[in-house]
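The values are calculated or read from the model by the stated rules, or taken from the named source; none is laboratory data. It should be emphasised that the depicted structure is a prediction, and the values quoted were computed from it without experimental measurement. Cβ: placed from backbone, ideal geometry, glycine included. Neighbour counts: every protein chain shown. Please note that ligands, DNA and RNA were not included when accessible areas were found on the heavy atoms of the full protein model with its side chains. Shrake-Rupley method; radii C 1.70, N 1.55, O 1.52, S 1.80 Å.
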Amino acid sequence: MICLGIESTAHTFGISVVRDKDKKVLSNIITAFKTKSGGLVPAKVADHHIDVLEDTFVKALETAGIKAIEIDLIAFSQGPGIGNTLRIGAGFARSLSLLLNKPLIGVNHCIAHLEVGRFLTKAKDPVLLYASGANTQVIAYEAGKYRVFGETLDLGIGNFLDTFARNLGLGFPGGPKIEELAKKSKHYIKLPYVVKGMDISLGGLETNLKNRVHQGKDSKEDLCFSVQETVFAMLIEVAERAMAHTGKTELLLGGGVACNKRLQEMSRIMCEERGAKLFLLENQFFVDNAAMIAITGIEMHKAGVKTPINKSEIRPYERTDDVDVKWR
Ligand code: AMP
Ligand code: MG
């Protein structure tokens, strides 16, 4: 089976072609909306997705070496995400499904970050530490659903890093720039560390950092180093607690922040200490991408899940545990 996946939950528009029989990602085209200054305006991001749609589609088919007629299934990210941008991907997916007369399948974006790891690595039943721009969750499978064991109570980790970077005068996305500056320091400044059970909170830390940047006493390098050490330790603590609680022995990382080498190193240390296995992916499968949507679509389709056009409405607020997981 060949599945075409479409991703459009936020700043990334992506199209991918995945072949099921040899588990091959034939193409995974990612185009990301960027700004020189300022954040994401939903309507402008949607315009970006329309601008790049045709090129992305053509490139995805060309790279995969297939024609549209060879597609067996069309999967799209149905939610959660920004309404304006979700609508672009969903509309395109519906049209393709009707024109090619192939089934359509709506995929939950957060779940797709976990399924891509199960498809591409040897992980069977991992706890996912999903650390992206807007989303920060610890997710694992339990009794027919993907459950959220812990999450941020306020800001997503990536958005938090991007805001901090903006306060420092660095551009968007800020995460990679913070990582570079952090390498130049070993001086730890004690910062607020907020873990509540299996949840984390970043709002207080954000205010603390804004004040520090305003006062100008600490070096950028020391602040970046200390921020990474603090917030990644919070993530690792809640991920480890979820592993202890569920008895699961595999950890998978996901989301754009998972590209960070220090977060990967801390994850590795935690897993080694508790005799667990860590699974990492190529960066193209950590960030928002359409391959994970196609992969999840294939799994769902094989389990008999269907999304008729009249059930293909976008679901901007869909929760990870709203979805009945029939494919496991
Ligand atoms: P996503 O929403 O999953 O596409 O992830 C986007 C987020 O990942 C942005 O907030 C980026 O700042 C962040 N990010 C990307 N690369 C890194 C990195 N190397 N370290 C920390 N954060 C990163
Ligand atoms: Mg994501």
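Key figures
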{"item": "Any hit, region 253-273, residues being touching an Asp or Glu at 6+ places or on another chain (Cβ under 8 Å), touching a residue at least 40 places away in the same chain (Cβ under 8 Å), of a type outside the set (S, T, Y) and more than 16 Å from ligand 1 (Cβ to nearest atom)", "result": "no"}
{"item": "Qualifying residue in region 108-126 (condition: within 15 Å of ligand 1 (Cβ to nearest atom), open to solvent by 30 Å² or more (accessible area, probe 1.4 Å) and closer than 22 Å to L280 by Cβ)", "result": "no"}
{"item": "Residue check, T230 modelled with pLDDT of 95 or more, more than 20 Å from the chain's Cα centre (by Cα) and farther than 30 Å from C3 by Cα", "result": "yes"}
{"item": "From A303, A291, A258, residue being open to solvent by less than 20 Å² (accessible area, probe 1.4 Å), more than 22 Å from V231 (Cα to Cα) and of a type outside the set (K, R)", "result": "A291"}
{"item": "Of residues in region 137-157 being open to solvent by less than 10 Å² (accessible area, probe 1.4 Å) and within 14 Å of the chain's Cα centre (by Cα), the one nearest to ligand 2 (Cβ to nearest atom)", "result": "G156"}
{"item": "The lone exception for T296 - which of (1) within 19 Å of the chain's Cα centre (by Cα); (2) open to solvent by less than 50 Å² (accessible area, probe 1.4 Å); (3) more than 16 Å from ligand 1 (Cβ to nearest atom) it fails", "result": "(3)"}
{"item": "Of residues in region 264-286 being in a helix (DSSP H, G or I) and within 15 Å of ligand 2 (Cβ to nearest atom), the one surrounded by the fewest Cβ atoms within 10 Å (Cβ to Cβ)", "result": "N283"}
{"item": "Residue count for region 77-103, restricted to those that are open to solvent by 10 Å² or more (accessible area, probe 1.4 Å), of a type outside the set (K, R) and in contact (Cβ under 8 Å) with a residue 60 or more places away in the chain", "result": "10"}
{"item": "When residues of region 160-203 are limited to those that are modelled with pLDDT under 95 and of a type in the set (S, T, N, Q), the one most open to solvent (accessible area, probe 1.4 Å)", "result": "N167"}
{"item": "Strands (runs of 3 or more DSSP E) wholly inside region 1-51 containing at least 2 residues that are farther than 20 Å from A90 by Cα and open to solvent by less than 60 Å² (accessible area, probe 1.4 Å)", "result": "24-32"}
{"item": "Test result for Y130, hydroxyl-bearing (S, T, Y), open to solvent by 30 Å² or more (accessible area, probe 1.4 Å) and in contact with a helix residue (DSSP H, G or I) (Cβ under 8 Å, 6 or more places away or on another chain)", "result": "no"}
{"item": "Sole residue being in contact (Cβ under 8 Å) with a residue 60 or more places away in the chain, touching a Cys at 6+ places or on another chain (Cβ under 9 Å) and assigned by TED's automatic domain parsing to the domain that holds F13, chosen from I71, I66", "result": "I71"}
